[in-house]
Every structure is written in structure tokens, then in C-alpha cells.
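Working notes, structure below.
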Amino acid sequence: LPADKEADFQAHLNDIFPLEFFSNLEPIDYQNIDRQLQSLIIRIERFHANPGKDGQKSAQLQPYLVNLHQIMEKRDKLSADALEQVFRFRDLVNEYRIALFSPEIKTSEPVSPKKLDQQWRLTLTKC
């Protein structure tokens, strides 16, 4: 496994189980965690079959992950309203990841780059 892909897959796992996972600061949705883990497994299997295609899909996801990680670093300073929008954006990013890498696992709601961009703009207005 190339080092960059290993880091990518590890980052996805860290997104599913962040350090504060057991701190009870955020509600835990176990069904969603299961869906995310299934999606990661499918993605890893497909990566081995076609690394180039995984790279193309990763490029589509990357700008949203960058935005998410930047805003999550500031979450301790955000209001409750802002955090609500940040968590909504995070949920949409996770659904988009499922839609890209494992569409057979149905998303919990429709998601697209347009919807992600709209939520990002709304998130920024609250922050």
C-alpha cells in the first residue's frame, strides 16, 4: 500500500473514530458508524483493483475534507449554532464519501457537490 493511500485510509478511519469519540460531547450514531466502516472496506478493496479510479474520486472529495478539517480545528471557539452547521457539513461530507466510493451503500440523503458547497457557505456565515 503506498504511504499516501495508507495515510488517506487512516484519516478516514480517524474521521469515523475521532479522538474525542468516547467523550460524549457529540451523539454517537452507531448505524452511521457501521455504514462508514463498510464504505471504507469497500473502498480499500476497490483501491487494490483500480488505484487510478480511487485517486480520481479522492480528488473530488479532497476540497471538502480540507474545509472540514480546518473548521473542526476551530470548533472549541464556535457557538452552538455554528457547531450545528459544522456537524451538518461533516455529515454531508461523510455521505458524499459513501456516494463516491461505495454507492451500493445508500446515502441517508441525497448529496452532491452543489449541496456541499451550499452547506459550506451556510457554515461559514455561522462561524
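Just so you know, all these numbers are worked out from the coordinates, no wet-lab data involved. What you see is a predicted model; the values in this text were computed from it and never measured. Please note: Cβ atoms are built from the backbone with ideal geometry, for glycine as well, and neighbour counts cover all protein chains shown.
Any chance you could tell me what percent of the C-alpha pair distances in the chain go past 22 Å?
36 percent
Loop-only trypsin sites (Lys or Arg not before Pro) in the range 23-106, please: DSSP not H, G, I, E or B, and at most 15 other Cβ atoms within 10 Å.
Loop-located and lightly packed - Lys74, Lys106.
Please find, in a Gaussian network model of the chain (springs between Cα atoms separated by less than 10 Å), the residue of Asp81, Asp117, Asp54 whose mean-square fluctuation is greatest.
Highest fluctuation of the listed residues: Asp81.
From the alpha carbon gyration tensor of the range 36-89, can you work out the equivalent ellipsoid semi-axes (sqrt of 5 times each eigenvalue) and give them in Å, largest to smallest?
30, 12, 8
What are the lysines whose alpha-carbon lies under 18 Å from the alpha-carbon of Lys77, with same-chain residues fewer than 8 places away excluded?
Straight-distance partners of Lys77: Lys126.
Each residue of the range 116-127 in order: what ³J(HN,Hα) in whole Hz does its phi give by Karplus 6.51 cos²θ - 1.76 cosθ + 1.60, θ = phi - 60°, with x for Gly and Pro?
Result, rounded to whole Hz: 5, 4, 5, 5, 5, 4, 5, 4, 5, 5, 7, 8.
Please list log₁₀ I(q)/I(0) at q = 0.16, 0.23, 0.27 Å⁻¹ for the range 52-127, using the Debye equation with identical point scatterers on the alpha-carbon positions.
One equal scatterer on each Cα of the range 52-127 leads to -0.57, -1.03, -1.26.
How far apart, in nm, are the 7 Å Cα→Cβ label points at Ile41 and Lys106?
2.0 nm
Checking the table Lys53/Lys114; Lys5/Lys53; Lys5/Lys106; Lys53/Lys115 against a 19 Å threshold on Cα-Cα, which pairs fail?
Going by Cα-Cα distance, Lys53/Lys114; Lys5/Lys106; Lys53/Lys115 fall outside the 19 Å limit.
At 222 nm, what helix-only mean residue ellipticity would the chain give, in deg cm²/dmol to the nearest 500, using -39500 (n - 2.57) for each DSSP H run of four or more?
-25000 deg cm²/dmol
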